[in-house]
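A.B. asks: Here it is: the structure, laid out below.
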Amino acid sequence: MPVSVKSLQQMAIFVTVFTGGGCSMMYYLMQKNFARSEYYRLALECLNDHPVAMESLGAPPLKAHNIRLTDRHNRIDHTHAQIKIPVTGSKTGGYLYTSSSKNNPLDRWQLQEAVLQLRDGRRIDVLASGGEGSELAGEEGTEPGFLAF
């Protein structure tokens with residue numbers, strides 16, 4: 001039973017649209033899952049509570065963008081989470097490098113490291129008490145060191 005070329009074209013278009021829609025939905029759900037996670041929310045709350053970092057960004061409003069799923073800085077397992085969150089304010093933007101851990105899978109996440117790296121190369125430790133001494137020295141353009149796991 002021969003199949004017409006038109007039917008094959010229609011099937012190819014349908015499969016392409018269906019696959020693209022499925023991939024888009026999966027990407028959206030993964031980003032939504034990250035945004036709901038405790039380690040992600042803890043990091044953004046810490047940033048929101050740091051006046052020097054917020055002023056440097058020109059926030060509020062603070063906008064947290066989707067993380068890059070293929071970025072080598074984004075590693076998560078049952079007891080450790082290390083993520084790089086792109087953030088922007090009205091003045092500039094940067095990345096919030098965070099590292100969180102918990103002793104066993106049933107515990108709450110504890111933020112171990114949170115460093116905001118601005119586009120101009122400045123780095124601000126947002127776990128420090130919001131005032132003097134929270135800017136980190138270092139070469140511009142270098143990334144904060146993460147806790148090894």
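A.B. asks: Any residue in region 28-42 that is of a type in the set (S, T, N, Q) sitting within a Cβ distance under 6 Å of a residue that is surrounded by 13 or more Cβ atoms within 10 Å (Cβ to Cβ)? List the pairs, counting only those 6 or more apart or interchain.
C.D. replies: Pairs found: Q31/N66.
A.B. asks: Give the residue that is nearest to A43 (Cα to Cα), with candidates limited to residues of region 103-127 that are open to solvent by less than 30 Å² (accessible area, probe 1.4 Å) and part of a loop (DSSP other than H, G, I, E, B).
C.D. replies: V126
A.B. asks: Tell me which of these L57 doesn't satisfy, since it passes every other one: (1) in contact (Cβ under 8 Å) with a residue 24 or more places away in the chain; (2) open to solvent by 40 Å² or more (accessible area, probe 1.4 Å); (3) not small (G, A, S).
C.D. replies: That leaves (2) as the condition not met.
A.B. asks: Of everything in region 29-56, what is aliphatic (A, V, I, L, M) and in contact with a Leu (Cβ under 8 Å, 6 or more places away or on another chain)? Give them in sequence order. Don't jump to the end; show me each part of the working.
C.D. replies: So the first thing to find is which residues in region 29-56 are aliphatic (A, V, I, L, M), and the list is 29-30, 35, 42-44, 47, 52-54.
Once the filter is applied, which keeps residues that are aliphatic (A, V, I, L, M) and in contact with a Leu (Cβ under 8 Å, 6 or more places away or on another chain), region 29-56 yields M30, L42, A43, L44, L47, A53, M54.
A.B. asks: When you look at L62, is it without any contact (Cβ under 8 Å) to a residue 24 or more places away in the chain and hydrophobic (A, V, I, L, M, F, W, C), yes or no?
C.D. replies: Details: without any contact (Cβ under 8 Å) to a residue 24 or more places away in the chain: no; hydrophobic (A, V, I, L, M, F, W, C): yes.
So L62 does not fit the description; no.
A.B. asks: Do we have any residue at all in region 17-40 that's in a loop (DSSP other than H, G, I, E, B) and open to solvent by less than 60 Å² (accessible area, probe 1.4 Å)? Lay out the reasoning, then the answer.
C.D. replies: Initially, region 17-40 is screened for residues in a loop (DSSP other than H, G, I, E, B), giving 37.
Keeping just the survivors that are open to solvent by less than 60 Å² (accessible area, probe 1.4 Å) gives 37.
Looking for residues that are in a loop (DSSP other than H, G, I, E, B) and open to solvent by less than 60 Å² (accessible area, probe 1.4 Å), one finds at least one in region 17-40, hence yes.
A.B. asks: So which residues in region 76-91 are open to solvent by 30 Å² or more (accessible area, probe 1.4 Å) and either hydrophobic (A, V, I, L, M, F, W, C) or at pLDDT below 90 (or both), if there are any at all?
C.D. replies: I76, D77, H78, T79, S90, K91
The values are calculated or read from the model by the stated rules, or taken from the named source; none is laboratory data. Just so we're clear, the structure is a prediction, and the values are computed from it rather than from any experiment. Here the Cβ is made from the backbone with ideal geometry for all residues, glycine too, and neighbour counts use every protein chain on show. Quick note on the areas: whole protein, heavy atoms, side chains included, nothing else; ligands and nucleic acids left out. Shrake-Rupley method; radii C 1.70, N 1.55, O 1.52, S 1.80 Å.
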